[in-house]
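Here's the structure we're looking at; comments come further down.
Any read-out appearing in this document is the output of simple, stated calculations on the displayed coordinates, not a laboratory observation. This one's a predicted model, so the numbers in the text were calculated from it and none came from an experiment. Heads up, the Cβs are rebuilt from the backbone with ideal geometry, glycines too, and the neighbour counts pull from every protein chain shown.
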Amino acid sequence: MAVFSMELGRIELGSSWKVQSHTYCPLQDARSRKKMLSVKFAGQWKGGELQRCNNLQVVIPEKRSVLNDARLPSFKPLSCTSNGRYALSEVKKDELSTWDHETLILKKKAEEIIPHLKGKCIYLVGMMGSGKTTVGKILSEVLGYYFFDSDQLVEEASGGASVAQIFKERNEQGFRDSESEVLKQLSTMYRLVIATGGGAVVRPQNWNYMRQGITVWLDVPLEALAARVVAVGTESRPLLGQASDDCYSQALTRLTKLYEDRAEAYKSSDVKVSLRDIAVELGNKDVARLSPTVIAIEALMEMSKIMTYRKLMNAARS
């Protein structure tokens, strides 16, 4: 852990900005104007003038990068004012939270990719319980897209019947037919993030629809998936069967079989987001500790890579 103090008159506050109603401002060297790190403020910014701080002690932890993007600074109790006009919060250590920092990075990555997306839809694919809905809502918000869950649209088209009811009344074939029709309609639209059903990838015709946008595979270890679906209950998951005394083992066995049937189809996705790889990169042994925001950041980064690659390939052909 590195600790250093900033001397009077050696740092300045740059122009502020807001994220999630929190005001941020870059600390920068007074001479070079080089940005040092970002901090969260309380109060109101007055006049947009550069101000100076006193006795600010900054704590930089050992590298805890969010996908190699930046370190997470934290603060000890401080006395820092800007000519009595604008005060830093009296922030305790780690109050500049990982969540805030991740949100800033998410916003930055979204701003970088938006011009290149050109309104293309994003289709999230993956096994049940992989977080498609949660991550999809984060992506839609930061990109300014609309979010749809294909399972919910199928339910609405079926008069409000649940997926489990549709499977029971019309069997899996009937459900898949409705799912394909939903994806067909969505493929004609723009600026959507769509969380697809876990089995949407098994039908080749669905890929014809999803290829109109970008497909992103959320790849989650099966053990983590089993723990998730058992925690929320398996009643809404018709392909998992009836619950037994050993719900986890049953869910893991069934998920393993489903994954084996679908793995090759998932691999056809434009982008793969491996939660195991992210966890290893960040030094986490348990993927359950990964925040949905970090996963969304990785998805944006991987989409950016594939679009850059395609642009280069198209340029080489022309």
**Q.** Sequence-distant residues sharing a close amide H with VAL193 (under 5 Å, placed H)
**A.** ILE122, TYR146, PHE147, PHE148
Q) Given the pairs LYS120/LYS311; LYS184/LYS257; LYS108/LYS305; LYS132/LYS305; LYS108/LYS311, which are separated by over 24 angstrom at their Cα positions? A) LYS184/LYS257
Q.
Using only the alpha carbons of segment 180-318, what is the convex hull's orientation-averaged projected area in square nanometres?
A. 10.3 nm²
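Fewest Cβ neighbours within 10 Å first, please rank TRP217, TRP207 accordingly.
Fewest-to-most Cβ neighbours within 10 Å comes out as TRP207, TRP217.
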Q | Burial ordering of THR196, THR256, fewest other beta-carbon atoms within 10 Å first | A | THR256, THR196
Q) Which ordering of ILE306, ILE278, ILE194 is given by a fewest-first count of other beta-carbon atoms within 10 Å? A) ILE306, ILE278, ILE194
